[in-house]
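Read-outs throughout are calculated quantities, based only on the coordinates presented, and are distinct from any laboratory measurement. What you are looking at is a predicted structure, and each value in this text was computed from that prediction instead of being measured. Here the Cβ positions follow ideal geometry from the backbone for every residue, glycine too, while neighbour counts run over all protein chains shown.
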Amino acid sequence: MTEKEKQTPPTIAIRIEAQYVKDLSFEAPKMPKLLQELKQAPAINLAVQVNAVPVEDKKNQFAVDLTLKAEATLDKSPAFICELTYGAVATVEAPAEHIQPLVLIEVPHLIFPYARALLANLTREAGLPALSINPIDFASLYRQRLAEVQAKAKA
């Protein structure tokens, strides 16, 4: 390896080939009574999960699923539950050691705004205030998941 090759940073490229809704559900068991009771913002519990698998017969291509599950409660009673699995097919060109973090951090970061908008529209169309989800730190989620896997490997 020449000195110039050592100094040149690796080329990294991410292309989102397709985006899609893989699964979507919404439940508001107390409707329409909920509309009368909704005088304050409900407490929202948000769960986030990211999974990725290689696409068969496609080098450097991955199917990435971002699952967002929001459970809203009002006075300890369920107000609504919505769950979305938003997917993308992404081509990631990078050195092998960078592939996993790029797939599990950067791809979800790129598709998150679309998933967030979809859930906001869904709750608004259901007659409720639009669900506003703050940006998610996918790097922290990745590090947490990596630490869990390493802890299981030690056990």
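Results, tabulated for the structure shown:
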read-out	value
Residues located in segment 117-154, provided they are under 30 Å from Lys33 (Cβ atoms), part of a helix (DSSP H, G or I) and among the hydroxyl-bearing types (Ser, Thr, Tyr)	Thr123
Qualifying positions in segment 30-47 - touching a strand residue (DSSP E or B) at 6+ places or on another chain (Cβ under 6 Å) and surrounded by fewer than 12 Cβ atoms within 10 Å (Cβ to Cβ)	Asn45, Ala47
Qualifying residue in segment 73-92 (condition: closer than 23 Å to Glu37 by Cβ and among the small types (Gly, Ala, Ser))	yes
Out of Val107, Val92, Val50, Val103, sole residue that is surrounded by 13 or more Cβ atoms within 10 Å (Cβ to Cβ) and either free of Cβ contacts under 8 Å to residues at least 60 places away in the same chain or basic (Lys, Arg) (or both)	Val103
Complete set of residues in segment 119-131 that are of a type in the set (A, V, I, L, M, F, W, C) and either under 23 Å from Ile14 (Cα atoms) or free of Cβ contacts under 8 Å to residues at least 60 places away in the same chain (or both)	Leu119, Ala120, Ala130
Tally, over segment 96-155, of residues that are of a type in the set (A, V, I, L, M) and either over 17 Å from Phe26 (Cα atoms) or touching a Gly at 6+ places or on another chain (Cβ under 7 Å) (or both)	18
Residue that is of a type outside the set (Ser, Thr, Tyr) and part of a strand (DSSP E or B), where the choices are Val107, Val103, Val53	Val53
Residue in segment 53-83 that is surrounded by the most Cβ atoms within 10 Å (Cβ to Cβ), counting only those that are of a type in the set (Ser, Thr, Tyr) and in contact with a strand residue (DSSP E or B) (Cβ under 7 Å, 6 or more places away or on another chain)	Thr67
Complete set of residues in segment 110-127 that are of a type in the set (Lys, Arg) and crowded, with 18+ Cβ neighbours inside 10 Å	Arg116
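Here's the yes/no breakdown for (1) closer than 18 Å to Glu17 by Cα; (2) of a type outside the set (A, V, I, L, M, F, W, C):
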| residue | (1), (2) |
| --- | --- |
| Ser77 | no, yes |
| Leu84 | no, no |
| Ala88 | yes, no |
| Gln100 | yes, yes |
| Ala120 | no, no |
| Leu128 | no, no |
